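Below is one structure, written out as structure tokens; the observations come after it.
The values are calculated or read from the model by the stated rules, or taken from the named source; none is laboratory data. Predicted model, so just to flag it, every value in this text is computed and none were measured. Heads up, the Cβs are rebuilt from the backbone with ideal geometry, glycines too, and the neighbour counts pull from every protein chain shown.
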Amino acid sequence: MRLNRRSAAKLLVAPALLAGPRIVSNANAALRDAKVREQISALDYDIRGGTAGEFAAFVSLDISRYKRLAEDMGLAEE
């Protein structure tokens, strides 16, 4: 597995009680704003909004990738 600069993620995370539909909607709206998109794109990041479920799936996939990388490198789980 190859890692590169794009393998890093910048995420907005909040406790479940705070991260209700309104804050998720506002965050996704901000990510649709042209100025915000331009600034984030200038950092060479992919821009993605989404739901809590999509975020959970992303994190789960990321964990499985790094677990496989650690196994491939011979690192043991403690």
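The table below lists the values:
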read-out	value
Test: residue in the stretch 1-11 that is exposed (fewer than 10 other Cβ atoms within 10 Å of the Cβ), modelled with pLDDT under 75 and part of a helix (DSSP H, G or I)	yes
Residues of the stretch 49-78 satisfying the condition of being in a loop (DSSP other than H, G, I, E, B), of a type outside the set (A, V, I, L, M, F, W, C) and surrounded by fewer than 13 Cβ atoms within 10 Å (Cβ to Cβ)	Thr51, Gly74, Glu77, Glu78
